[in-house]
Amino acid sequence: MVTYIIRRLIWAAVMLTIVSIITFAIFFLVPRLAGATPESLAARYVGRTANAEQVQIAAEKLGFNDPLVVQYGRFAKGIVAGADYDYGPGVEHCPAPCFGYSFLTRLPVWPDLLDRLPVTMSLAFGAAIIWVLAGVATGVVSALKRGSFFDRAAMTIALGGVSLPIFFTGIVSMVVFSYGNPFSITAPGGSYTPLLDDPVAWAYSLVLPWVTLAFLYAAGYARLTRAGMLETMNEDYIRTARAKGLAERTVVLKHGLRGALTPLVTIFGLDVGLLLGGAVLTESTYSLPGMGKYAIDAITNQDLPKVMGVVLFAAFFVVVANLIVDLLYAVVDPRVRLA
Amino acid sequence: MTFLELKDLRIHFPSDDGLVKSVDGLSFRLERGKTLGIVGESGSGKSVTSLGILGLHKGGRAKISGEIWLDGEELVSASAEHVRTLRGKKMAMIFQDPLSAMHPFYTVGAQIMEAYRIHHDVSKKVARKHAIEMLDRVGIPQPDRRVDSYPHEFSGGMRQRAMIAMALSCDPELLIADEPTTALDVTVQAQILDLMRDLQRDFNAALIVITHDLGVVAELSDDILVMYAGKAIEYGTAEDIFERPEHPYTWGLLGSMPRLDRERTERLLPIKGSPPSLINVPPGCAFHPRCTFADRTGGRSTSEVPELLESEGGHLVRCHLSRDVRRTAWENEIKPNLEAS
């Protein structure tokens, strides 16, 4: 078990390294292949008013004339150990993990990411609780009442849920439910409030994004749970449970649902991991200052260091989620031996 | 008063293709301490009958009629909730494949404890002790350690022992074993059969053994019921069925049984064809399309459903052939072939 975890941790580190190489290649190798010179790359750092000589100096200082391998090494070292930027009059130290400075704000990227993380976490975990409860409950009832009106209605809505994009359901929800509208369930203002500042305002500011995001996922979970329950409720061990004289409720929840849980755990871990890297559409639709919104803004402004920071941070969550899922698998299904 | 009595039990399932008559007018009696073997091919209604006695078809799509009397109580008309309280306690079941019949995600001990705690209001600790006792009783070594194992960590025979421990945990008066040894190695089969016989004696339970394996019923049963297409076609003591069987289908079953005392060059005498569809049961005697004696009934077997009639001393047969014809055929045509060496 311990060796397994160690092996998985090493593997996770390898994965992250590969992701960082690919990210680096996308932003530095591909432009060069497309014809960019060290000067044209450096020009993005110095602003529009700089003359050719200043750009030359910047390119040299930023190391764009070095071989790509050296540049990558410097980039990776910055993340692991921090980096020093020599900007002429003095040296600026960027502590680890250093993803560089924003082109626009001149601020380091990492503290920005840490600022954005609680928003995305609030959104992702809140929505996750809703979609698991709603999705699994709907799936169980649908499976037990297969072919009933409830089942058909739920599965039709679920089909809508997986098919409708957030920027549609999100905007519809705002038109119908946001403050000032007939079915208003949100408070005035509506901008994001940190949990620790005011929990009630926090919940109000997130309720629509939660439900909208949860709707998308709950639909998939309902379908998955329904399929799993239909399968497990036909298993021999369900008949055994009934033959023992267990109440139907216990048979369904303790024996049936437990048997259908394994794939759900896997998908759940991966979904949450992915969302922690930023729920791009949801955050943009509701203007939540999370990682997804940060990424979109960075891309729109061609703010390279920010984009790279978000990509790597998101990859980190996905890799960690994968690791947790693998470990959890052995807990959920005792037949899985980790070695 | 008879301990268990079925009167004209019918269990029919509506399907898109028509009504599936899985059990169609089945009656028998069973006393405490006795063993009844129910024999037949797949789809003859054996398992549906046993699940019907346990009340596991209630609330489903099945249409059930007739009567099931268990210790003075009628179960077909009883509420599903009442039958549930009897399940596991008064009557219990041992299933065919213990690997799929036990929940893969719970330990063997937890599953036995669960069975016990449904019907006994005891602490987990007491239930655990009971589970260990039961495992010990069915011959599982180191029961205090094995109680925490998962079903997949047991061998096939051990799993079936654990399954039996689970079924017996509430001291049931009626035990139904559905193909209890089919999924097991031959050597283990004998051990399990021995175990079941011993336990039945200890618990003085009524035992129903459902199987397609005549060897198993020969080993355990006092009485044997042969089923075909949802109906009883022959019923008698083990001696009746093995020494003087009267139904051509039973002869076929006996002929399909591999035996060591027969020459290897000798072919088995299988029954031709396959069991009939339970939706379109052949008219007349359901067995007539496969019966080599059908032409001796003067056409009645294709037009008239035979009654289950007493041949002699409680030996019941559902066949149009006259008793004399059946006996002559058995003595002269079938028995010599079975015993040929």
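No value in this document is a laboratory result; all are computed from the given coordinates. If you're wondering where the values come from, they're calculated on a predicted model, not measured in any experiment. Neighbour counts run over all protein chains shown; Cβ positions are idealised from the backbone, glycine included.
Compared with the dominant principal axis of the Cα atoms in chain A, helix A:166-177 is inclined by about 70°. If you wrap the Cα atoms of the stretch A:75-149 in a convex hull and average its projected area over all directions, you get 8.6 nm².
On a per residue basis, the convex hull of the C-alpha atoms belonging to chain B measures out at 144 Å³.
Cross-link partners of B:LYS124 among aspartates and glutamates, defined as those whose alpha carbon lies under 19 angstrom from its own and excluding same-chain residues fewer than eight positions apart: B:GLU114, B:GLU133, B:ASP136, B:ASP144, B:ASP148, B:ASP171.
Would you mind getting the Kirkwood hydrodynamic radius of the stretch B:292-341 from its Cα pairs, rounded to one decimal in Å? Each step should come with its number before you reach the end.
Numbers: mean 1/r = 0.0828 Å⁻¹.
About 12.1 Å for the stretch B:292-341.
Under 18 Å of direct C-alpha separation, and excluding same-chain neighbours fewer than eight residues apart, B:LYS231 reaches these lysines: B:LYS7, B:LYS21, B:LYS46, B:LYS63. Calculated mean residue ellipticity, 222 nm, chain A: -22500 deg cm²/dmol, from DSSP H runs (n ≥ 4) at -39500 (n - 2.57) each, averaged per residue and rounded to 500.
On the beta carbon distance between A:THR37 and A:ARG74, with R0 = 25 Å, the FRET formula returns roughly 0.85. Computed over the stretch B:1-160, the alpha-carbon pair-distance distribution with 5 angstrom bins reads 2, 8, 14, 17, 16, 15, 14, 10, 4, 1, 0, each value a whole percent. Angle of helix A:199-232 to the longest C-alpha principal axis of chain A, folded into 0 to 90 degrees and rounded to 10: 60°. Label-to-label distance, B:ARG32 versus B:ASP198, with points set 7 angstrom from Cα along the beta-carbon direction: 2.3 nm. Altogether, the Stokes-Einstein calculation at 20 °C and 1.002 mPa s, with the Kirkwood radius of the stretch A:199-339 over Cα pairs as Rh, returns a diffusion coefficient of 120 µm²/s. Round to the nearest 0.05 the FRET efficiency obtained for A:ILE267 and B:ASP324 when R0 = 56 Å and r is the Cβ-Cβ distance. After rounding to 0.05, the efficiency reads 0.20. Relative contact order for the stretch B:183-341: 21 percent, from Cα pairs under 8 Å spaced at least 6 residues apart, divided by residue count.
What do you get for trypsin sites (Lys or Arg not before Pro) in the stretch A:229-338 restricted to DSSP loop and a cutoff of at most 14 other Cβ within 10 Å of the site's Cβ?
Working: sites: A:ARG239, A:ARG242, A:LYS244, A:ARG249, A:LYS254, A:ARG258, A:LYS293, A:LYS306, A:ARG335, A:ARG337; in loops: A:LYS244, A:ARG335, A:ARG337.
Passing both the DSSP loop test and the Cβ count: A:ARG335, A:ARG337.
Binning the alpha carbon pair distances of chain A at 10 angstrom intervals from zero yields the distribution 5, 19, 24, 22, 16, 8, 3, 1, 0, expressed in whole percent.
Rg and Dmax of the stretch B:211-333, based on Cα coordinates, read 14.3, 40 Å. Exposed loop sites here mean trypsin sites (Lys or Arg not before Pro) with a DSSP loop assignment and at most 14 other beta-carbon atoms within 10 Å; chain B contains its longest site-free run at B:62-258.
How large is the convex hull of the C-alpha atoms of the stretch A:1-125 per residue, in Å³? Write out the running numbers ahead of the final one.
Details: hull volume 19.2 nm³, N = 125.
Considering the Cα atoms of the stretch A:1-125, their hull volume per residue is 154 Å³.
At 0.36 nm per residue, minus the direct Cα-Cα distance, what do B:MET257 and B:GLU74 gain on full extension? Give it in nm, one decimal, please. List each step's numbers first, then the result.
On the way: separation 183, 0.36 × 183 = 65.88 nm, distance 3.74 nm.
Additional length available on full extension: 62.1 nm.
As a length-normalised measure over Cα pairs under 8 Å and 6 or more apart, the relative contact order of chain B settles at 19 percent.
So how far, in whole Å, is the C-alpha centre of the stretch A:110-150 from the one of the stretch A:296-339? Using only Cα atoms to place each centre, the spacing works out to 18 Å.
With the simple spin-label model, which puts each label point 7 Å out from Cα in the Cβ direction, the B:ASP144 to A:MET15 separation comes to 4.4 nm. Straight-line cross-link partners of A:LYS293 among the lysines, defined as a Cα under 25 Å from its Cα and at least 8 positions apart when in the same chain: A:LYS306. Over all projection directions, the Cα-based convex hull of the protein assembly as shown averages an area of 43.2 nm². Compared with the dominant Cα axis of chain A, that is its longest principal axis, helix A:68-81 is turned about 60°.
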